[in-house]
1. If a residue must be in contact with a Ser or Thr (Cβ under 9 Å, 6 or more places away or on another chain) and among the hydrophobic types (A, V, I, L, M, F, W, C), how many such residues does segment 1-58 contain?
2. Check 155, 143 and return the single one that is within 17 Å of residue 86 (Cβ to Cβ) and of a type in the set (A, V, I, L, M, F, W, C).
3. In the list 85, 90, which residue meets the criterion of being within 14 Å of the chain's Cα centre (by Cα) and free of Cβ contacts under 8 Å to residues at least 40 places away in the same chain?
4. Just to confirm my filter: which helices (runs of 4 or more DSSP H) fall fully inside segment 59-173 and include at least 1 residues that are open to solvent by 20 Å² or more (accessible area, probe 1.4 Å), of a type in the set (A, V, I, L, M) and at pLDDT below 95?
5. I'd like to know if segment 37-46 contains one or more residues that are crowded, with 21+ Cβ neighbours inside 10 Å, of a type outside the set (S, T, N, Q), touching a helix residue (DSSP H, G or I) at 6+ places or on another chain (Cβ under 7 Å) and outside any strand (DSSP E or B).
6. Any chance segment 5-27 includes a residue that's of a type in the set (A, V, I, L, M), modelled with pLDDT under 95, assigned to a loop (DSSP other than H, G, I, E, B) and more than 18 Å from residue 139 (Cα to Cα)?
Amino acid sequence: MTHVRDEVAAGLFGGPGEMRALCRDFDWASTPLGPVSGWSQSLRTTVDIVLACRNPMFLWWGPDLVQIYNDAYRPSLGAGGRHPRALGMRGVEFWTDIWDTIGPQIEQVMGGGGATWHEDQYLPILRNGRLEDVWWTYSYSPVHDDDGSIAGTLVVCLETTGRVRMGRGLRES
């Protein structure tokens, strides 16, 4: 069984990149997702897409919203311990600083209410050892499991803090 697990994980997480390496070494069996060999084809395909993408992407999967993200998303977590701690954590336990805002958005998606779109959304997050004013443009989209049920929320995002601040500065001058 270990050999099969290793082969599935090695295939899924094979290739270059910090997040692929972290995913290869991560003990997925200790999470609600369980061992990689037991993951659905939909979950494996979505994770492969997330890890291969050069745009910041983040995935919450299952009722516990277990987190997986790519190399492009990693800088969004800043320095100070949020990365790589976020990998494999439950969303509600990790995003305590913004859960009041994003929790209902995720619930909408997971509950079948469709995708969301947020442009220049102000979401101050804890990173780099302090609460930072941060703006994002992002979409939350449903991800269907093999049986057709909604099993995850895919986040495609871009931090827009610099652009928002520049626009404010221009308007003020």
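The values are calculated or read from the model by the stated rules, or taken from the named source; none is laboratory data. Since this is a predicted model, take the numbers as computed values, not measurements. Cβ coordinates were reconstructed from backbone atoms using ideal geometry, including for glycine residues, and neighbour counts include every protein chain displayed. Quick note on the areas: whole protein, heavy atoms, side chains included, nothing else; ligands and nucleic acids left out. Shrake-Rupley method; radii C 1.70, N 1.55, O 1.52, S 1.80 Å.
1. Summing the residues that are in contact with a Ser or Thr (Cβ under 9 Å, 6 or more places away or on another chain) and among the hydrophobic types (A, V, I, L, M, F, W, C) in segment 1-58 gives 5.
2. Answer to the check: 155.
3. Details: 90 fails: free of Cβ contacts under 8 Å to residues at least 40 places away in the same chain.
Going through 85, 90 in turn, just one is within 14 Å of the chain's Cα centre (by Cα) and free of Cβ contacts under 8 Å to residues at least 40 places away in the same chain: 85.
4. So the answer is 161-172.
5. Checked segment 37-46: no residue is crowded, with 21+ Cβ neighbours inside 10 Å, of a type outside the set (S, T, N, Q), touching a helix residue (DSSP H, G or I) at 6+ places or on another chain (Cβ under 7 Å) and outside any strand (DSSP E or B).
6. no
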